[in-house]
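Since the structure comes first, as structure tokens, the remarks are kept for the end.
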Amino acid sequence: MIRMVLDTEIRKGQINKNIYGHFSEHLGRCIYGGIWVGKDSPIPNTDGIRNDVIEALKALKIPVLRWPGGCFADEYHWMDGIGPYEDRPSMINTHWGGVIENNHFGTHEFFRLCELIGAEPYICGNVGSGTVQEMQQWVEYITFDGKSPMADLRRANGREEPWKLKYFGVGNENWGCGGNMRPEYYADEYRRYATYVRNFGENRIYKIACGANAGDYRWTEVLMREAGNMMDGLSLHYYTVPGEWHSKGSAVDFDEGKWFDTLKKTLHMEELVTRHSAIMDQYDPEKRVGLIVDEWGTWYDVEPGTNPGFLYQQNTLRDALVAGINLNIFNNHCDRVKMANIAQTINVLQSVILTEGDRIVLTPTYHVFDMYKVHQDAELLSMYVENAEYRFGDEAIPQVSASASIDSEDRIHISICNLNHEDGAEIDCLVRDRENADVSGSILTAPVMNAHNTFDAPETIKPEAFSGASLKDSRLRVSLPPMSVVVLTIG
Ligand code: AHR
């Protein structure tokens, strides 16, 4: 029996809805084919953007979308992606598969996408191979209302009003593909570039500095020390990579060992967030600077027969657990984690959507985001968990992952994942201040750990109503099947 105590009196701050953010890069078939098909495509579209994708992403209530990369961002020159399509130069996407990038999806198309799906745009600027002037001009082009060369250029390209742009990243992975810099050097570059990322008119930019690769705590230390007062957010990238980088294994064909290893590595996010936050606390005890986990998710070997540079992978129940665990961790650290962006929205790494021609599939990860969206902007509740162990071989990890929140209508939502691949979990949770109330819920599970949706069988795994929970005399009893993600609503 796993015991929990949920205290509705102890509220631990707002779960920023941006924790449910996404990331879309010019990589493989994420943008081209996944989002953008062009205005003349036979695939139904609005201004070149797939209608089926708009509908699916809107339903998910994606709060924020990061673009254009990733590693692509530090090779992207935004002026190539504006103006008449026939005049936009083609370039080689050197980082991702060496394919031709025709720049048909650029600034105007990105803002249109965000408008159509109701997401805040989050643009990542080019520090690695771009200039300060180029970054300054991009912000001016997007946000300046008055008369200026860039605002006039925007108008000449058909957009009279400036857009609102809140989130701007000053470079991506500048410790690696973004220029192989040392933290001391990048901190100075950040200070220089960020100076020219200006607030025009009423537009206020939340500047995000490139943060650490996984457990590189020195990077966070140096950045906070040297540039903390000039940033609003500091990023963190951590991918769940089972096995080793050179043999990560298949997204679909895996055994219990790989299941366990994947979930164990996902739980490492807890340590990363805790330790990076502790360093940030030393320089920013008021928690003004947000920790922005703007790349996370699973990374497996690509699907057989696909371009290795396209990072296309299937998505199973295992990915649903990875999503559920990570989102619980971010919720529970909402005092510092102000945004997170899963990599990547469509057809790349841990996607919520897969497409093939005019067909579309919603993945198990999509369903987890859909179930968890009740936490967006709700208040985190204090929850004590006396966990059981999930043992495999001579290793052990906690059996369940959970988080709970209360929304503006006083409804409590609890998300719980049972990581164990063969044992169910019995939970006895004391809910302070709720004696008897209706409990409803949904569950995502399947009889096999690699259950996934395909274009021919798109509904193999999808959420079902959950009837395994009841609340009586303040005791919430939950019976979780093995390998499951459950979201409960009380009240
Ligand atoms: O998401 C794929 C890549 O992973 C991104 O381009 C890069 O930032 C990271 O290394």
Diffing segment 158-172: the Karplus 3J(HN,Hα) column from phi (6.51, -1.76, 1.60, θ = phi - 60°), in whole Hz with x for Gly and Pro, holds x, 10, 6, 6, x, 8, 8, 10, 9, 9, 9, x, 9, x, 9
Share of segment 1-141's accessible area from carbon and sulfur, percent, 1.4 Å?
50
With a 1.4 Å probe and all protein chains kept in place, how much accessible area does E464 have, in Å² rounded to the nearest 10?
100
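Let me know the charge dipole size of segment 186-231 about its Cα centre in debye, to the nearest 20, where only the beta-carbon of Lys, Arg (+1) and Asp, Glu (-1) is charged.
160
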Please state the relative contact order of the chain as a whole percent: Cα pairs under 8 Å, 6+ residues apart?
19
Calculated P(r) of segment 335-491 - Cα pairs past 24 Å, %:
41
Can you list the HN-Hα couplings for segment 445-452, worked out from phi with the Karplus curve (6.51, -1.76, 1.60; θ = phi - 60°), rounded to whole Hz and with x for Gly and Pro?
7, 6, x, 10, 6, 9, 4, 8
What helix-only [θ] at 222 nm does the chain give? Using -39500 (n - 2.57) per DSSP H run of at least 4, over all residues, to the nearest 500, the answer is -7500 deg cm²/dmol
Taking only protein heavy atoms and a 1.4 Å probe, what accessible area per residue, in Å², does segment 295-377 have with all protein chains in place?
21
Considering amide H positions built from the backbone, and no H for Pro or chain starts, which residues 5 or more places from N45, or on another chain, come under 5 Å of its amide H?
N51
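By the scheme Lys and Arg +1, Asp and Glu -1, what is the net charge of all other residues having a beta-carbon under 13 Å from that of R275?
Numbers: positive: R218, R336; negative: D216, E221, E270, E271, D281.
Cβ neighbours under 13 Å give a net charge of -3.
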Isolated Cys in the chain by the 4.7 Å beta carbon test?
C30, C114, C124, C210, C334, C417, C429
Amide H to amide H, which residues 5 or more places from A378 or on other chains are under 5 Å from it, using H placed in the peptide plane?
I15
Take the solvent-accessible surface of the protein heavy atoms, probe 1.4 Å, and return the percent of it on segment 189-333 that carbon and sulfur atoms account for.
48
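Please report the net charge: other residues with Cβ closer than 13 Å to the Cβ of H367, K and R +1, D and E -1.
-2
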Rg followed by Dmax, in Å, when segment 170-310 is reduced to its Cα trace
17.6, 56
The chain - share of DSSP beta bridges that are antiparallel (%, nearest 5)
60
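Compute the Cα gyration tensor for segment 299-408, then decide on rounded, prolate or oblate, letting a ≥ b ≥ c be the square roots of its eigenvalues: rounded whenever a/c is under 1.5, prolate when a/b is larger than b/c in the other cases, and oblate in all that remain.
On the way: a/c = 2.51, a/b = 1.46, b/c = 1.72.
In terms of gyration-tensor shape, oblate.
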Cα-based Rg of segment 423-485 normalised by 2.2 N^0.38 Å, two decimals
1.39
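Using +1 on the beta carbon of Lys and Arg, -1 on that of Asp and Glu, and nothing else charged, what's the dipole of segment 359-491 about the Cα centre, debye to 20?
On the way: 10 positive and 21 negative charges, 46 e Å.
With only Lys, Arg, Asp and Glu charged at Cβ, the dipole is about 220 debye.
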Cross-link candidates for K12: which lysines have Cα within less than 19 Å, leaving aside residues fewer than 8 places away along the same chain?
K287, K338, K373
Once a ≥ b ≥ c are taken as the square roots of the eigenvalues of the Cα gyration tensor of segment 1-119, is the result rounded (a/c under 1.5), prolate (a/b larger than b/c) or oblate (a/b not larger than b/c)?
prolate
Dividing the alpha-carbon radius of gyration of segment 106-190 by 2.2 N^0.38 Å, where N counts its residues, gives 1.22
Exposure of M1 as accessible area (Å², to 10), given a probe of 1.4 Å and all protein chains
130
Relative to the Cα centre, what is the charge dipole magnitude of segment 306-420, using +1 at the beta carbon of each Lys and Arg, -1 at the beta carbon of each Asp and Glu, and rounding to the nearest 20 debye?
260
Test of the criteria: in segment 218-308, which chymotrypsin sites (Phe, Trp or Tyr not before Pro) are in a DSSP loop and have at most 11 other Cβ atoms within 10 angstrom of their Cβ?
W245
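Over every pair of different alpha-carbon atoms in the chain, take the mean of 1/r and invert it; report that Kirkwood radius in Å.
For the chain, inverting the mean 1/r across all distinct Cα pairs yields 23.1 Å.
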What number, in percent, do you get for the relative contact order of segment 48-122 if the mean sequence gap of Cα pairs under 8 Å and at least 6 apart is divided by its residue count?
42
M383: accessible area at probe 1.4 Å, nearest 10 Å²?
40
With bins 5 Å wide starting at 0, give me the P(r) of segment 188-249 over every alpha carbon pair, in whole percents.
4, 15, 22, 17, 13, 10, 8, 7, 3, 1, 0
Taking the solvent-accessible surface of protein heavy atoms with a 1.4 Å probe, what is the per residue accessible area of segment 88-141 in Å²?
33
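Taking loop as defined by DSSP and a crowding limit of 10 other beta carbons within 10 Å, which GluC sites (Glu not before Pro) in segment 132-221 fit? Mind dumping the intermediate values first?
On the way: sites: E134, E140, E160, E173, E184, E189, E202, E221; in loops: E160, E173, E202.
Those that pass, being in a loop and sparsely packed, are E160, E202.
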Backbone HN-Hα couplings from phi across segment 389-401 [Karplus 6.51/-1.76/1.60, Hz, Gly and Pro as x]:
9, 10, 9, 9, x, 9, 10, 9, 9, x, 7, 10, 10
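The values are calculated or read from the model by the stated rules, or taken from the named source; none is laboratory data. Please read all numbers here as calculations on a predicted model, not as lab measurements. Cβ sites come from the backbone with ideal geometry, for glycine too, and all protein chains shown count toward neighbours. In case anyone asks, the SASA skips ligands and DNA or RNA and just uses the protein heavy atoms, side chains included. Shrake-Rupley method; radii C 1.70, N 1.55, O 1.52, S 1.80 Å.
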